[in-house]
Amino acid sequence: HLSIRRQRQMCIRDSHLAVYWSPKPPERQHPRHRVKSRLNVTSGFQAVYAALDPASSLDFDQGSIENWIVEDVSAGGFGASIPQLKGEWLKLDALVALQPEGGSNWIIGLIRRLIRDTPQKGSVGIQSLAMTAVPVKLHAGMSGGEPAVLLSYSIDAVEVQFLLKSGVHVPGQNYEFDSGDKSVVLMQAAVVEQGEDYELLKAKQMVRETGE
């Protein structure tokens, strides 16, 4: 009987995680659910970009990935405990990429709550920015490609949110990138939030066939 009960508990836990880790989590009308699951975590714009596209980056360091434990999850984010913190990077509004144990996608989030029990242990509250993210190189005028991260991207979207390295964006600047046989222009880009090494922007999207 204990074995059957344990299996049912695990199924309930996994079903909650499957719902909230999905690209389209439920609206936040339900309370947080208590869970226990491991996360791979990397932080900072360069590391987040490298995790999304490790083949094209020399910055992706598997040794810098930390292991956290999810304690609760909701539509807007989740809480996690940190058994062992590597380095001193952790602070409010820090940018992180998180990969659920056994998963292949990286969730993009920001640290919104931080409690340090010791210099190496603590707990965090994370706001989810996107359950899916796409690394691209944005071109602005004649300049070379700048690494960027598109958040929950859709070619059909009217408005797009994306991340750039801090200090790259110039007010009034448009950006362009290729998506298959289409050219995408991000117009009227505006900064939504700034962190230590990143800027979160939103822009209007215009899509045209290549060659037009």
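The values are calculated or read from the model by the stated rules, or taken from the named source; none is laboratory data. What you see is a predicted model; the values in this text were computed from it and never measured. As a convention, Cβ positions derive from the backbone with ideal geometry for all residues, glycine included, and neighbour counts pool all protein chains shown. Just the protein is used for accessible areas: all its heavy atoms, side chains included, with ligands, DNA and RNA removed. Shrake-Rupley method; radii C 1.70, N 1.55, O 1.52, S 1.80 Å.
Here are some residues: 31, 83, 26. Which one is at pLDDT below 90 and in contact with a helix residue (DSSP H, G or I) (Cβ under 7 Å, 6 or more places away or on another chain)?
26
Given 152, 128, which one is at positive phi and in contact with a Leu (Cβ under 9 Å, 6 or more places away or on another chain)?
Going through 152, 128 in turn, the sole match is 152.
With respect to residue 122, determine if the residue is within 30 Å of residue 83 (Cβ to Cβ) and not polar (S, T, N, Q).
It is true that residue 122 is within 30 Å of residue 83 (Cβ to Cβ) and not polar (S, T, N, Q).
Being touching a residue at least 40 places away in the same chain (Cβ under 8 Å) and either of a type in the set (Phe, Trp, Tyr) or touching a Pro at 6+ places or on another chain (Cβ under 8 Å) (or both) is the filter here; which residues of the range 167-190 pass it?
Matches in the range 167-190: 177 only.
Would you check which residues across the range 110-140 are surrounded by 18 or more Cβ atoms within 10 Å (Cβ to Cβ), among the hydrophobic types (A, V, I, L, M, F, W, C) and in a strand (DSSP E or B) and list them?
Residues satisfying the conditions are 110, 111, 124, 126, 129, 130, 133, 136, 138.
With respect to the numbered conditions (1) surrounded by 12 or more Cβ atoms within 10 Å (Cβ to Cβ); (2) modelled with pLDDT of 90 or more, which one is the sole condition not fulfilled by residue 145?
Residue 145 satisfies every listed condition except (2).
Per-residue answers, yes or no, for (1) more than 20 Å from residue 131 (Cβ to Cβ); (2) open to solvent by 40 Å² or more (accessible area, probe 1.4 Å); (3) part of a strand (DSSP E or B):
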{"position": "170", "(1), (2), (3)": "yes, yes, no"}
{"position": "176", "(1), (2), (3)": "yes, yes, yes"}
{"position": "186", "(1), (2), (3)": "yes, no, yes"}
{"position": "189", "(1), (2), (3)": "yes, no, yes"}
{"position": "193", "(1), (2), (3)": "no, yes, yes"}
{"position": "196", "(1), (2), (3)": "yes, yes, no"}
{"position": "200", "(1), (2), (3)": "no, no, yes"}
{"position": "206", "(1), (2), (3)": "yes, yes, yes"}
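Looking only at the range 65-108, which residues are closer than 13 Å to residue 44 by Cβ, free of Cβ contacts under 8 Å to residues at least 40 places away in the same chain and surrounded by 15 or more Cβ atoms within 10 Å (Cβ to Cβ)?
Scanning the range 65-108 gives 65, 66, 86.
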